[in-house]
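In what follows, a single structure is set out as structure tokens and then discussed.
The values are calculated or read from the model by the stated rules, or taken from the named source; none is laboratory data. This structure is a prediction, so every number in the text was calculated from the model and none was measured. Cβ atoms come from the backbone with ideal geometry, glycine included; neighbour counts cover every protein chain shown.
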Amino acid sequence: MSDIGVQAVAEPAPGLTQMQRITNTFVAPSKTFEDIKRGNRSWWLPFLIMAVFTYIFFFAITTKIGWATVAENIIRMNPKAEERLSQLPADQREMQMKGVRYGTEGIFAASPILFGLGFSALSAAVLLGTINFVFGGRATYGSVFAVSFYAFLPWIVRSVLAVVVIFSGIAPESFNLNTPAPTSVGAFLSPQDTNLALYTFATWLDFTTIWCLLLLGIGLATVARVKRSSGYMVAFGWWAIMLILSVGWAAIRG
């Protein structure tokens, strides 16, 4: 009677902690996304970290710039909006300025919920449909949702740089909420002297956003089990669509 060989079955590698996934997002992103693909889809820590940095930025604006000044800068840096506002009676002009101020402040304060959760939930559905039905992927909604939170962690770099700019002594009247840190081409252009469509295009050319899109492409390809080029096409394809829509709307308004 022959001996029956018993093949040892290797135990699966232990999953990463959320902190390990966050660290690896910056130094070894494939490890983070492979861990998500294995089913470790916790996303609350990167969400919490981004929310904290958002509110640090919010505090810096509130204490060093002031939201009334932010609103004034938004209008002043858009010559056509400034012209339209100047033609209104004083009471209407004051009401419009209050609307800009409190609307901007409120949206910024609610951004972790509106954009951190709401937009991520919607975009995950769009990305899932694209990577699965267009490129033949096998991703799940939960994995794509988790990927989006880790992939956009580099945006905290922009928040940190913006806080540094604010506390370094920038003149409040020169603060631009669209380009608060020198991370995009638009930060080096004058919004008053640049065509609005061109300026909008330049603000989208942001190195932290490109960094996030590269990570998103890697993450999508990993959890969907498709080629990395397919992940990049999905990430940058949707970015390009939103860019075209934004520039087109700016051209209409400008």
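Contact map, region 70-83: first residue touching a residue at least 40 places away in the same chain (Cβ under 8 Å), second residue among the small types (Gly, Ala, Ser), Cβ cut-off under 7 Å, separation 6 or more or different chains; pairs are Lys80/Gly254. Starting from region 169-180, take each residue that is under 8 Å from Asn73 (Cβ atoms) and list its partners that are assigned to a loop (DSSP other than H, G, I, E, B) and charged (D, E, K, R), counting only C-beta distances under 6 angstrom and pairs at least six apart or across chains. Pairs that qualify, where the first residue is under 8 Å from Asn73 (Cβ atoms) and the partner is assigned to a loop (DSSP other than H, G, I, E, B) and charged (D, E, K, R): there are none. From the list Gln18, Gln7, the lone residue that is closer than 21 Å to Val157 by Cβ and at pLDDT below 95 is Gln18.
Look at Phe207 and say whether it is surrounded by fewer than 20 Cβ atoms within 10 Å (Cβ to Cβ), in contact with a Gly (Cβ under 9 Å, 6 or more places away or on another chain) and on the phi < 0 side of the Ramachandran plot.
no
A search for C-beta distances below 9 Å between a residue of region 102-120 that is modelled with pLDDT of 90 or more and any residue that is surrounded by 15 or more Cβ atoms within 10 Å (Cβ to Cβ) and outside any helix (DSSP H, G or I), counting only pairs 6+ apart in sequence or on different chains, returns Thr104/Leu177; Phe108/Leu177; Ser120/Trp43; Ser120/Phe152.
Listed here are the residues, each with its yes/no results for (1) at pLDDT 95 or above; (2) touching a helix residue (DSSP H, G or I) at 6+ places or on another chain (Cβ under 8 Å); (3) closer than 30 Å to Leu220 by Cβ.
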{"position": "Asn24", "(1), (2), (3)": "yes, yes, yes"}
{"position": "Ile36", "(1), (2), (3)": "yes, yes, yes"}
{"position": "Ile56", "(1), (2), (3)": "yes, yes, yes"}
{"position": "Lys64", "(1), (2), (3)": "yes, yes, no"}
{"position": "Ile75", "(1), (2), (3)": "no, yes, no"}
{"position": "Ala81", "(1), (2), (3)": "no, yes, no"}
{"position": "Arg84", "(1), (2), (3)": "no, no, no"}
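Within region 199-211, residues that are in contact (Cβ under 8 Å) with a residue 24 or more places away in the chain and closer than 7 Å to Gly186 by Cα have Cβ atoms under 8 Å from residues that are part of a strand (DSSP E or B) and of a type in the set (Gly, Ala, Ser) in these pairs: Thr203/Ser184, counting only partners at least 6 apart in sequence or on another chain.
Being over 26 Å from Thr62 (Cβ atoms) and of a type outside the set (A, V, I, L, M): is that true of Phe167 here? Reasoning before the result, please.
Values: over 26 Å from Thr62 (Cβ atoms): no; of a type outside the set (A, V, I, L, M): yes.
No, not satisfied.
Quick check on my filter: what residues within region 229-250 are more than 20 Å from Ser120 (Cα to Cα) and touching a Leu at 6+ places or on another chain (Cβ under 7 Å)? Scanning region 229-250 gives a single hit, Ala250.
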